[in-house]
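Below is one structure, written out as structure tokens; the observations come after it.
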Amino acid sequence: MALTYHDKLFMGCAAVLALGMVGGGYLLGDGLKRAKAADRSVTVRGLAERDVTADLATWSISYSATGFDLPLSGRRSTITPANCAPISPASASGRMR
């Protein structure tokens, strides 16, 4: 059984698509492994104690407002000085152990 030009073209496109999916799966898996390896944490072992003052803090905050009325939900999610108190360094201080 001889393959026609149309069949060869279809098989070539299928092969390119299959190779692309395999390569994409490999790259996605490798990226997930690298993200897991970059745990971004520090482990310290020992008996010494020392007070440490941090000069950088990163906080991730998420907020959502739900409702049946879009304008009402939008007003609930607006941050104003009346519903949000600033954090001063004195109120955020603490000892790190």
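The values are calculated or read from the model by the stated rules, or taken from the named source; none is laboratory data. What you see is a predicted model; the values in this text were computed from it and never measured. Cβ placement follows ideal geometry from the backbone for every residue including glycine, while neighbour counts extend to all protein chains displayed. The area values use the complete protein model at the heavy-atom level, side chains included, leaving out ligands, DNA and RNA. Shrake-Rupley method; radii C 1.70, N 1.55, O 1.52, S 1.80 Å.
These residues, VAL44, VAL52, VAL22, go from largest to smallest accessible area, 1.4 Å probe, as VAL44, VAL22, VAL52. Taking every protein chain into account, the 1.4 Å probe leaves LEU28 with about 110 Å² of accessible area, to the nearest ten. Simple spin-label estimate for LYS36 and THR4 gives 4.8 nm between the two label positions (7 Å along the Cα-to-Cβ direction from each Cα). Counting only heavy atoms of the protein chains and using a 1.4 Å probe, SER64 has close to 100 Å² of accessible surface. Label positions at MET21 and THR58, each projected 7 Å from the Cα along the C-beta direction, are separated by 3.6 nm.
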